Amino acid sequence: MTRVLVAFATRFGSTREIVSAMVHELNSAGLDAHGVETTSSLNPDDYDAFVIGSPIYGGHWLAAAGMFAAITSERIDGKPVALFSVGTLGVSNWKGAEKEHQDFITGLTEVAPKLNIVSNALFNGYFERSNLPWYLRIVDRFAPTPQGDHRNWQVIKSWTKSLVPKFNG
Ligand SMILES: Cc1cc2nc3c(=O)[nH]c(=O)nc-3n(C[C@H](O)[C@H](O)[C@H](O)COP(=O)(O)O)c2cc1C
């Protein structure tokens with residue numbers, strides 16, 4: 001049975017719910033998937049394939065997820081890796097959000113060239129204005145991000161399904 005680690009970071013929990021949906025989808029397809037935060041101690045040797053993801057804050061992944069991907073890249077040893085980003089910029093500016101996502105992946109492949117990235121995806125997330133610190137609430141007034149849950153579960157599920165043959169192969 002293919003053991004899959006879905007490693008993620010989150011600040012407010014919306015990425016954790018995305019990971020739960022991914023784990024459910026992978027397990028329904030007969031894989032043995034586990035969702036674990038990158039802050040936990042994780043041994044890449046225990047898994048055959050990896051999904052690593054993070055929400056985007058200020059244009060970047062949360063450090064814990066980026067560090068996990070970079071630091072474990074050698075131990076992952078060429079096993080398949082799928083990456084995903086979550087953000088809400090894409091709701092109003094998909095091109096800008098894609099650029100943030102692709103720039104992050106390009107930067108990651110520069111520091112971790114051994115990562116065998118078989119797929120990557122950007123998903124719209126969940127923006128809650130009250131989570132902003134006061135100074136960003138002021139900034140947000142000038143270019144407001146659409147508030148609410150923008151996660152598209154069908155898109156998330158179908159991307160996850162597309163990973164199954166890449167992980168089983
Ligand atoms: C302070 C702050 C900064 C953010 N910066 C970005 C950003 O640069 N790009 C983007 O697409 N989304 C941005 N977002 C939206 C988050 O990525 C989105 O709300 C995500 O779903 C949060 O995930 P989490 O609940 O797992 O922490 C920001 C949200 C906050 C509160």
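The values are calculated or read from the model by the stated rules, or taken from the named source; none is laboratory data. Model, not experiment: these values are computed from the prediction. Here the Cβ positions follow ideal geometry from the backbone for every residue, glycine too, while neighbour counts run over all protein chains shown.
Quick rundown of the values:
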read-out: For Q154: the one exception among (1) surrounded by 11 or more Cβ atoms within 10 Å (Cβ to Cβ); (2) under 27 Å from V81 (Cβ atoms); value: (1)
read-out: Residue under evaluation V164, criteria (1) in a helix (DSSP H, G or I); (2) under 17 Å from the mean Cα position of the chain (by Cα); (3) within 14 Å of the ligand (Cβ to nearest atom), criterion not met; value: (3)
read-out: The lone exception for Q102 - which of (1) touching a residue at least 24 places away in the same chain (Cβ under 8 Å); (2) within 22 Å of S162 (Cβ to Cβ); (3) assigned to a helix (DSSP H, G or I); (4) not aliphatic (A, V, I, L, M) it fails; value: (1)
read-out: Sole residue being within 15 Å of T15 (Cβ to Cβ), within 16 Å of the ligand (Cβ to nearest atom) and modelled with pLDDT of 90 or more, chosen from G90, G96; value: G90
read-out: Pair list, Cβ under 8 Å, 6 or more apart: the range 147-169 residue hydrophobic (A, V, I, L, M, F, W, C), other residue part of a helix (DSSP H, G or I) and surrounded by fewer than 19 Cβ atoms within 10 Å (Cβ to Cβ); value: W153/A21; I156/A21
read-out: Residue that is nearest to L83 (Cα to Cα), among those in the range 122-143 that are within 21 Å of the chain's Cα centre (by Cα) and of a type in the set (F, W, Y); value: F123
read-out: Test: V81 is farther than 30 Å from A143 by Cβ, in contact (Cβ under 8 Å) with a residue 12 or more places away in the chain, away from the ligand (no atom under 16 Å from the Cβ) and of a type outside the set (S, T, N, Q); value: yes
read-out: Residues (crowded, with 18+ Cβ neighbours inside 10 Å and away from the ligand (no atom under 12 Å from the Cβ)) located in the range 119-130; value: N120, A121
read-out: Hits in the range 99-112 (condition: of a type in the set (D, E) and either more than 14 Å from the ligand (Cβ to nearest atom) or out of contact with any Ser or Thr (no Cβ under 8 Å at 6 or more places or on another chain) (or both)); value: D103, E110
read-out: Top-ranked residue of the range 1-35 - restricted to ones that are within 16 Å of the ligand (Cβ to nearest atom), aliphatic (A, V, I, L, M) and not in a strand (DSSP E or B), ranked as surrounded by the fewest Cβ atoms within 10 Å (Cβ to Cβ); value: A21
